[in-house]
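The block underneath contains the structure these notes are about, expressed in C-alpha cells.
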Amino acid sequence: MVPQNRSAILVGKLITALGILVVAAALWVIHGRYVIFKFWPTVDAQVTKSVVSGPIRMERGDRVYYTRIEFQFLAAGKQYTASARDKSDDRNGAQMVANTYSAGTHHTIRYNPANPNDIRFDVVNMFETPVAVGIFGVAMLVVGLRWLVRCRRKRLPA
C-alpha cells in the first residue's frame, strides 16, 4: 500500500476542525440570542435621543460609526432610561439607524428582567450574523470532510 499524503490529510482535518469550531461558536451565539428573544419581555419604548458618533479608527485600520439610542420605558411599574448602540461601517448606515430611531418615535424593545438597563432594540436582525457565520462553518465542515474522503480514495491497493 502506498502511504497517504500526510500533509493533505492534516489539511483536511484542520479545515474540518475549524468548521466544527465555527459552527459551535455560531450555535452558542444563536442560543444566547434565542434566550433573549424567548425570555426577555417586550415593552413599548420611546426614543429620547439618537446620536451618531465616529468615525472611530479600529486597530486594523477600519473606520466604524456608532449610533447610540436612548430609550425610555416602563418595566414592572418603574420608569427606566436605557441606551443601546448599533455599529456600522459607514456613516450613511449609521445615519439610517439614527433616522429610524429618531427622538420621539416608539419601538418595541426587549429588556433583561434581572437588569432592565440591559436592552435589545433590533430584535429582527439579531440572528443574521450568527446564522451567516454558521453557514460559513458548515461550508468549511463540508469542504474538510470532502477533502478527507478524497484523500482516502487516493489509497492504492497493495
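The values are calculated or read from the model by the stated rules, or taken from the named source; none is laboratory data. What you see is a predicted model, and the numbers here were worked out from it, not measured in a lab. Cβ coordinates were reconstructed from backbone atoms using ideal geometry, including for glycine residues, and neighbour counts include every protein chain displayed.
Just wondering, is there one or more residues in the range 11-22 that are surrounded by 13 or more Cβ atoms within 10 Å (Cβ to Cβ), closer than 17 Å to residue 119 by Cα and either of a type in the set (Ser, Thr, Tyr) or in contact with a Cys (Cβ under 9 Å, 6 or more places away or on another chain) (or both)? So far as the range 11-22 goes, no, none of its residues is surrounded by 13 or more Cβ atoms within 10 Å (Cβ to Cβ), closer than 17 Å to residue 119 by Cα and either of a type in the set (Ser, Thr, Tyr) or in contact with a Cys (Cβ under 9 Å, 6 or more places away or on another chain) (or both).
Which residue is surrounded by the most Cβ atoms within 10 Å (Cβ to Cβ), if the candidates are limited to the range 69-109 and must be touching a helix residue (DSSP H, G or I) at 6+ places or on another chain (Cβ under 9 Å) and either under 16 Å from residue 42 (Cβ atoms) or not acidic (Asp, Glu) (or both)? Looking at residues that are touching a helix residue (DSSP H, G or I) at 6+ places or on another chain (Cβ under 9 Å) and either under 16 Å from residue 42 (Cβ atoms) or not acidic (Asp, Glu) (or both), I get 69. Pick from 122, 44, 118, 86: which is of a type outside the set (Ser, Thr, Tyr) and part of a loop (DSSP other than H, G, I, E, B)? Just one listed residue meets the conditions, 122.
Of all the numbered requirements in (1) at pLDDT 95 or above; (2) among the acidic types (Asp, Glu); (3) closer than 25 Å to residue 132 by Cβ, residue 90 misses one, and that requirement is (1). Being touching a residue at least 60 places away in the same chain (Cβ under 8 Å), under 30 Å from residue 69 (Cα atoms), among the β-branched types (Val, Ile, Thr) and not assigned by TED's automatic domain parsing to the domain that holds residue 146 is a description that applies to residue 47. Where residues in the range 110-130 are exposed (fewer than 13 other Cβ atoms within 10 Å of the Cβ) and either among the aromatic types (Phe, Trp, Tyr) or out of contact with any Ser or Thr (no Cβ under 9 Å at 6 or more places or on another chain) (or both), which of them is modelled with the lowest pLDDT? Here the answer is 124. Here residue 86 clears all of (1) touching a residue at least 40 places away in the same chain (Cβ under 8 Å); (2) under 25 Å from residue 111 (Cβ atoms); (3) under 15 Å from the mean Cα position of the chain (by Cα) except the condition numbered (1). Would you pick out the residues in the range 56-83 that are assigned to a strand (DSSP E or B) and charged (D, E, K, R)? Listed by number, the residues that qualify are 57, 63, 68, 70, 78.
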